[in-house]
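Since the structure comes first, as structure tokens, the remarks are kept for the end.
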Amino acid sequence: MRSIRTVERMSSGLAVITTGLTKEFGERRVVDSLDLAIPSGSVCGFVGPNGAGKTTTIRMLLGLIRPTRGSGRVLDGDLDHPASYLAGVGALIESPAFYPQLSGRDNLLALVRLGRLSPSAIPGVLERVGLADRAGDRFSRYSLGMKQRLGIAAALLPAPSLLVLDEPTNGLDPAGIVEMRSLIRSLADEGMTIFVSSHLLSEIEHICDRVVMIRSGRSVFQGSVAELHGMRTSELVIRTEQPGQLGDLAQLLCDRGLAVQIEEASGSVSVSDAVALAGELNRAAFDAGIVVAHLAERAGSLEEAYFALTGTHSGDVEAVGALGEIQ
Amino acid sequence: MIVAAFRSEWVKLKRPNLLVGTYAGLALAASLFAILLFAQAPARGGGDLPSLAQLAQPNGLIHGVNRAAVLLGVVAFGIAATQIAGEYSLGTLRQLLVRQPRRAVLLAGKFLAVLAFMLGAVVFASLVATVAAFVMAHARHVPTGAWTSSAGITDLARALGDLLVATVGFTIFGLVVGLLFRSSVTAIIVGFAYLLPFEAVVTRIVPHTATWLPGQLLQAIATGGQEAAGFPRALILSAVYVVIAGVVATVVFVRRDVTA
């Protein structure tokens, strides 16, 4: 009862709030005591490595999977009664799933009838995702990008207050990705709350103003993108006038107990957590007969913050996939 | 809300490939049974087939329909199983449940739509087979006056009613098997293997089982009762099976997580 009261008290101004949301499949705990708070009107990214529990969480929010424990509210409706809030929710869950033998338009018509929506909504959403010209084609003849766009169109049918998108840019070409970002931003500008999962940090960085990061079903970060940027570590990059002195400089820095990495390609060394020591290190190098030609601060990448928070590293299969696409 | 689910399902069912394919296919198959029955009917009685004299009786018209009963039932089972299992294998169920989270309502609407589709197909097939029977009767000089008598029309209506009741049973069993297996291919293979060879082998080895095996009972209903299982027993026992199957299907559908 206490958790329910807590949830009720916190729900104002939040499109989604969960407390201790947990899902177990047999012995395996996929989502572990997840507390979510997604402000109304925000574009909130949901990031984590593959298998972190993103899709399971989304399915619980959509009433497709019953939580093992925990409570929550979506659009002020109880998570235990999805019918109380799903009329205001549009969703694209994983890959877009439609009847292959039906046209895009008829697929939407089936959903319109089921949700007792107005069929007049169909042309508008098709136009919005750029499928108006191909609406009469069979779904099976659509490209992957067109299928994804039809999925977005289906999600927009009820003119939702909350749009839940699970990996919306999957399968899209670069132009499609840019279009999708633009579409999401324009929807957000209309006041729609958007909860978008992705394993691509660049997506989140480009379109979201808030981020929830999860690892092994648990939240490891929840806050604004600016806060996430603030968590990046900075490093000092130093280049010597004489390339032959690079080793001497690295040794000098190591002797001071600093973490140093020689970057052969650029002929420089990078020093972690040493921005505040820039002047002192410059003087020490000069005193040792090393002439510094370049000294600058370099902010750590968002990916590094992501890896640190999620406990993955660039050697992980998931992380490599994500990082590769980020770059 | 059930009407909304029905109308939504109907968008899928009315697609030309399925609608024309099913209706024309069943009509063709039922007509073929009627044509072959009249073509092969002996002039005198004896043997498995009714004689031309028997076909001239008021109930002569329903012999063909009865012969096609198993086929019609199996098709109803297959289409019902495919329609529900396909929602899982295509992943479309998650879309549907977001728009209609009351799962029992969605299931009821889908069931009624598939049932209406199949009942329409059976009625259409029966009408076409009846026309084919009239044509064949003319070709083999079988008098058809008794068929259009009040007794003949009553017999035909009763036979059609029996067939429709059996179709309801086959459709529900199809939905249950589709729900349990969540794969169209598996549901069809398992369902057909059970209804056709399995039950046939079991009833041949242990004839008494024909009085309680569901497929045999539905066949008995479709044909107005059989020697092994009379119509009242078949109807009551089938109703029990159908209720149990319906409850199981609803509970499974409502409670199971949708992970597809």
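Read the figures in this text as sums done on the coordinates, not as results from a lab. This structure is a prediction, so every number in the text was calculated from the model and none was measured. Here the Cβ is made from the backbone with ideal geometry for all residues, glycine too, and neighbour counts use every protein chain on show.
Restricting the stretch A:29-52 to residues that are under 16 Å from the mean Cα position of the chain (by Cα) and small (Gly, Ala, Ser), the residue that is nearest to the other protein chains (Cβ to nearest Cβ) is A:51. From the set of residues in the stretch A:234-252 that are of a type outside the set (Gly, Ala, Ser) and touching a helix residue (DSSP H, G or I) at 6+ places or on another chain (Cβ under 7 Å), which is nearest to residue A:14 (Cα to Cα)? It comes out as A:236. Sub-9 Å Cβ pairs linking a first residue in the stretch B:128-144 that is aromatic (Phe, Trp, Tyr) to a second residue that is surrounded by 14 or more Cβ atoms within 10 Å (Cβ to Cβ), at least 6 apart or interchain, are B:134/B:61; B:134/B:144; B:134/B:147, ordered by first then second residue. If you filter the stretch A:53-81 down to residues that are among the hydrophobic types (A, V, I, L, M, F, W, C) and at negative phi, you find that the one that is nearest to the chain's Cα centre (by Cα) is A:58.
For the stretch A:258-303, a residue qualifies if it is in a helix (DSSP H, G or I), among the acidic types (Asp, Glu) and either surrounded by 14 or more Cβ atoms within 10 Å (Cβ to Cβ) or within 33 Å of the chain's Cα centre (by Cα) (or both), and exactly one does: A:303.
Among the conditions (1) part of a helix (DSSP H, G or I); (2) buried (at least 20 other Cβ atoms within 10 Å of the Cβ), residue B:138 misses just one, which is (2). Using the structure shown, decide if residue B:106 is over 13 Å from residue B:177 (Cβ atoms), crowded, with 24+ Cβ neighbours inside 10 Å and not β-branched (Val, Ile, Thr). Yes; evaluated as a whole, the condition is true for this residue.
If you check every pair at least six apart or on different chains, which have Cβ atoms under 7 Å apart with a residue in the stretch B:1-15 that is at the interface with another protein chain (Cβ under 8 Å from one of its Cβ atoms) and crowded, with 21+ Cβ neighbours inside 10 Å first and a residue that is of a type in the set (S, T, N, Q) and outside any helix (DSSP H, G or I) second? Cβ pairs passing all conditions: B:5/B:100. For residue B:165, all conditions in the list (1) in a helix (DSSP H, G or I); (2) in contact (Cβ under 8 Å) with a residue 12 or more places away in the chain; (3) over 22 Å from residue B:74 (Cα atoms) hold save one; what is the number of the exception? Residue B:165 satisfies all of (1) in a helix (DSSP H, G or I); (2) in contact (Cβ under 8 Å) with a residue 12 or more places away in the chain; (3) over 22 Å from residue B:74 (Cα atoms) except (3).
Can you find, within the stretch A:53-102, the residue that is nearest to the other protein chains (Cβ to nearest Cβ) among those that are without any contact (Cβ under 8 Å) to a residue 60 or more places away in the chain, in a loop (DSSP other than H, G, I, E, B) and among the charged types (D, E, K, R)? Filtering the stretch A:53-102 for residues that are without any contact (Cβ under 8 Å) to a residue 60 or more places away in the chain, in a loop (DSSP other than H, G, I, E, B) and among the charged types (D, E, K, R), the one nearest to the other protein chains (Cβ to nearest Cβ) comes out as A:66. Does residue B:32 satisfy being within 30 Å of residue B:79 (Cα to Cα) and within 14 Å of chain A (Cβ to nearest Cβ)? Judged against the criteria, residue B:32 is not a match.
Listed here are the helices (runs of 4 or more DSSP H) enclosed by the stretch B:174-260 that have at least 1 residues being within 14 Å of chain A (Cβ to nearest Cβ): B:184-193, B:231-255.
Within the stretch A:20-44, if we keep just the residues that are in contact with a Leu (Cβ under 9 Å, 6 or more places away or on another chain) and not in a strand (DSSP E or B), the residue that is surrounded by the most Cβ atoms within 10 Å (Cβ to Cβ) turns out to be A:36.
Scanning the stretch A:103-133 for residues that are assigned to a loop (DSSP other than H, G, I, E, B) and more than 9 Å from every other protein chain (Cβ to nearest Cβ) yields a total of 6. Restricting attention to the stretch B:32-51, the residues being more than 22 Å from residue B:220 (Cβ to Cβ) and surrounded by 19 or more Cβ atoms within 10 Å (Cβ to Cβ) number 2.
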